[in-house]
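**Student:** Pasting a structure here, questions to come.
Just so you know, all these numbers are worked out from the coordinates, no wet-lab data involved. Computed from a predicted model, the values in this text were never measured in an experiment. Methodologically, a virtual Cβ is constructed for each residue, glycine included, from the backbone with ideal geometry; neighbour enumeration extends over all protein chains shown.
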Amino acid sequence: MSDANEPAGPAEPERASGGGAEERRVRVVLVDDHRMFRTGVQAEIGQTERTGVEVVGEAADVDQAVSVITATRPEVVLLDVHLPGGGGVEVLRRCAPLMADAERPVRFLALSVSDAAEDVIGVIRGGARGYVTKTITGSDLVDSVFRVQEGDAVFSPRLAGFVLDAFASTDAPPVDEDLDRLTQREREVLRLIARGYAYKEIAKQLFISVKTVESHVSAVLRKLQLSNRHELTRWATARRLV
């Protein structure tokens, strides 16, 4: 069995030698609400004999993700930021005990189309070991997965400096005290409202009732001391949440 086609091989001898995929493997769960994207990632990195990556489960929303991750205990989870049921941050919150397990830690690598400040900082604060965008190549993604398995922090090149600056900055933080008053679900509703979604569209996307959406909007307006959705949209836009 040969790994000659794997670009990242020279950096890691155990994968560069014959039979490397057998000697060094990583078990991965894919969490993304787009089935076609999961299928594409599986096809790109999930050829275990070549890449050493074994995809042991998939999930399309928060509840599925927590269930699959708990059942399979992968070494690495590729986690989308925007998911029905609370988003990637909610998955991280509910999987905190698995991340803290000293013997068999489950590590998370965010894989998202978004490079918005609130998304990046949110998942890093939640415990993710890195954040890469969906423009990443298959070979680089495989390398990133193995690095995260080993405990490294991994970021897309453009995001690395941004993350350091965000945490070091003494200016208004990307996640401020006002935003911290909101629950994860309220943040999801806030973002969708700011993007111009109607209540029915939000309800459909988050798998909740229109009445529940209305309740969340009322709670957000009350906590942020705003009067209507137009003020809410301006508030979210000013903080680059849209």
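**Student:** Provide, in order from the shortest bin, the percent of all Cα-Cα pairs of segment 33-144 in each 10 Å bin, continuing until the bin that contains the maximum pair distance.
**Tutor:** 14, 50, 34, 2
**Student:** Amide H of Ala110 versus every other amide H placed in the peptide plane: which residues, excluding those fewer than 5 positions away on the same chain, fall under 5 Å?
**Tutor:** Sorted by chain and number, the residues that satisfy this are Leu79, Arg129, Gly130, Tyr131, Val132.
**Student:** Could you state the number of Å between the C-alpha centres of segment 196-242 and segment 44-88?
**Tutor:** Segment 44-88 and segment 196-242 have Cα centres spaced 29 Å from each other.
**Student:** Once phi is turned into θ = phi - 60°, what whole-Hz ³J(HN,Hα) does the Karplus curve with 6.51, -1.76 and 1.60 give for every residue of segment 32-49, x standing for Gly and Pro?
**Tutor:** For segment 32-49, the Karplus curve yields 7, 7, 9, 4, 5, 5, 4, 4, x, 5, 4, 5, 6, 10, x, 7, 4, 4 Hz.
**Student:** Over segment 177-238, what is the relative contact order in whole percent, taking alpha-carbon pairs under 8 Å and six or more residues apart?
**Tutor:** On the way: 47 pairs, mean separation 25.0, N = 62.
It rounds to 40 percent for segment 177-238.
**Student:** How far is it, in nm, from the label point at Ala116 to the one at Ser218 when both lie 7 Å from their Cα along the line to the Cβ?
**Tutor:** Modelled inter-label distance: 2.5 nm.
**Student:** Projecting each Cα onto the charge dipole of segment 23-101 (Lys/Arg +1, Asp/Glu -1 at the beta carbon, about the Cα centre), which of Pro84, Ala100, Val66 comes out farthest on the positive side?
**Tutor:** Toward the positive end, the furthest listed residue is Ala100.
**Student:** Next up: Provide the FRET efficiency to the nearest 0.05 for the Ala238-Thr48 pair, computing r from the beta carbons and using R0 = 51 Å.
**Tutor:** On the way: r = 47 Å, r/R0 = 0.91.
The calculated FRET efficiency here is 0.65.
**Student:** What list of ³J(HN,Hα) couplings, whole Hz, do you get for segment 117-129 from phi and the Karplus terms 6.51, -1.76, 1.60, once you set θ to phi - 60° and write x for glycine and proline?
**Tutor:** Each residue's phi maps through the Karplus curve to give 4, 5, 5, 4, 5, x, 6, 5, 4, x, x, 5, 8 Hz.
**Student:** Right, here's the next one. What FRET efficiency would be calculated for the residue pair Met36, Arg229, taking the C-beta separation as r and a Förster radius of 45 Å, to the nearest 0.05? Before the final figure, lay out the partial values.
**Tutor:** Numbers: r = 32 Å, r/R0 = 0.72.
Computed FRET efficiency for Met36 and Arg229: 0.90.
**Student:** Kindly write out, for segment 83-91 in residue order, the coupling ³J(HN,Hα) from the Karplus curve 6.51 cos²θ - 1.76 cosθ + 1.60 (θ = phi - 60°), rounded to whole Hz, with x marking Gly and Pro.
**Tutor:** 9, x, x, x, x, x, 4, 5, 4
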